[in-house]
Amino acid sequence: SQQGEEDPQALSIQEGENATMNCSYKTSINNLQWYRQNSGRGLVHLILIRSNEREKHSGRLRVTLDTSKKSSSLLITASRAADTASYFCATLASGGSYIPTFGRGTSLIVHP
Amino acid sequence: DTAVSQTPKYLVTQMGNDKSIKCEQNLGHDTMYWYKQDSKKFLKIMFSYNNKELIINETVPNRFSPKSPDKAHLNLHINSLELGDSAVYFCASSYGGGLGETQYFGPGTRLLVL
C-alpha cells in the first residue's frame, strides 16, 4: 500500500514567497527523505531526516518530522523560479523493510 | 561525469516487441533499483539488487526481468510489451543495502508502446 502522500498536489507562488509542502504516512518509519524532480529529469535527493530527528536544515530548505502525527513538511524559503519542480517524499518503513515508498509529489510553480 | 546513466533516453516500440533498458552507475554503490513512473507521476519500485542479488521484487509481471552482470550495472529486459508498459523508467543506486540511504537517480527512459 502507498505510504507517503504529499499535500498539496499543486502549489503556485510568486518568487520570494515561502513554499510549504506536507507529507503524511501510515506506518512507523526509519527515515523520510525529500526529493526534487525537474520536468523530464530524474529525482535529486534533498534531505534525509531520521525518525529520531525533528528538524533539519539545508540552505533554504527546512524539513520537520512529527512522528506522532506521522507527517513531515518541507519548507522552501525565499523561493526562486529555479525551484519550480515536483517534490516527493519517500519513506522507509521500520521493521526491516527494504522498500522505499514514494508519494505522488507536489508540483510547485514559482512565478518570476 | 555522469553518476547514474541510462540508455536509451527514449524508446518507442510496437506492442509485442521485446526491449531492454541499460543502467550503469559509477558511484561504487552496492545497491541498484528500477522504478516505474506513470503518467500521474506515481513512482513505484519494481526491483532492487544488492551486490548482484535480488532483494526486492515487487508485484511486477514476469515479462520484466532484471539482470545484474556486476555491481555497477542493472539492466531491465521487457518481453511482449503492452500498452500499459508505457511510462518513464528510472534506475537508481545507493550504498547500504537499501536501508533507506540516499538514492541517486538516472535521467529516466521514456518508453512509449504503440
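Annotations
- The single condition from (1) touching a Cys at 6+ places or on another chain (Cβ under 9 Å); (2) buried (at least 17 other Cβ atoms within 10 Å of the Cβ) that B:S5 fails is (2).
- Within region B:20-37, the set of residues being assigned to a strand (DSSP E or B) and surrounded by 18 or more Cβ atoms within 10 Å (Cβ to Cβ) comprises B:I21, B:C23, B:E24, B:Q25, B:T31, B:M32, B:Y33, B:W34, B:Y35, B:K36, B:Q37.
- Meets criteria (modelled with pLDDT under 95, touching a Phe, Trp or Tyr at 6+ places or on another chain (Cβ under 6 Å) and on the phi > 0 side of the Ramachandran plot) for B:G28: no
- Any hit, region A:36-44, residues being within 10 Å of another protein chain (Cβ to nearest Cβ), in a strand (DSSP E or B) and crowded, with 17+ Cβ neighbours inside 10 Å: yes
- Count - residues of region A:68-78 that are open to solvent by less than 40 Å² (accessible area, probe 1.4 Å) and of a type in the set (S, T, N, Q): 3
- Residue that is modelled with the lowest pLDDT [pool: residues in region A:46-55 that are open to solvent by 50 Å² or more (accessible area, probe 1.4 Å) and within 14 Å of another protein chain (Cβ to nearest Cβ)]: A:R50
- The condition of being at pLDDT below 95 and under 30 Å from A:I47 (Cβ atoms) does not hold for B:A87.
- Top-ranked residue in region A:93-112 [being open to solvent by less than 10 Å² (accessible area, probe 1.4 Å) and among the hydrophobic types (A, V, I, L, M, F, W, C); ranked as farthest from the other protein chains (Cβ to nearest Cβ)]: A:V110
- Criterion: farther than 26 Å from B:G108 by Cβ and over 13 Å from the mean Cα position of the chain (by Cα) - qualifying residue of A:S73, A:S94, A:S39, A:S79: A:S94
- Looking across region B:38-79 at every residue that is of a type in the set (G, A, S) and open to solvent by less than 60 Å² (accessible area, probe 1.4 Å), the one that is nearest to the other protein chains (Cβ to nearest Cβ) is identified as B:S48.
- Residue in region B:80-104 that is nearest to the other protein chains (Cβ to nearest Cβ), counting only those that are within 13 Å of the chain's Cα centre (by Cα) and of a type in the set (S, T, Y): B:Y104
- Against the test of being touching a strand residue (DSSP E or B) at 6+ places or on another chain (Cβ under 8 Å), open to solvent by less than 60 Å² (accessible area, probe 1.4 Å) and within 14 Å of chain B (Cβ to nearest Cβ), the options A:A90, A:A10, A:A19, A:A81 yield a single qualifying residue, A:A90.
- Criterion: in contact with a strand residue (DSSP E or B) (Cβ under 9 Å, 6 or more places away or on another chain), more than 29 Å from B:A87 (Cα to Cα), modelled with pLDDT under 90 and surrounded by fewer than 16 Cβ atoms within 10 Å (Cβ to Cβ) - qualifying residue of A:S28, A:S1, A:S58: A:S28
The values are calculated or read from the model by the stated rules, or taken from the named source; none is laboratory data. Source: prediction; values computed, not measured. Cβ atoms come from the backbone with ideal geometry, glycine included; neighbour counts cover every protein chain shown. Ligands, DNA and RNA are excluded from the accessible area calculation, which covers all protein heavy atoms including side chains. Shrake-Rupley method; radii C 1.70, N 1.55, O 1.52, S 1.80 Å.
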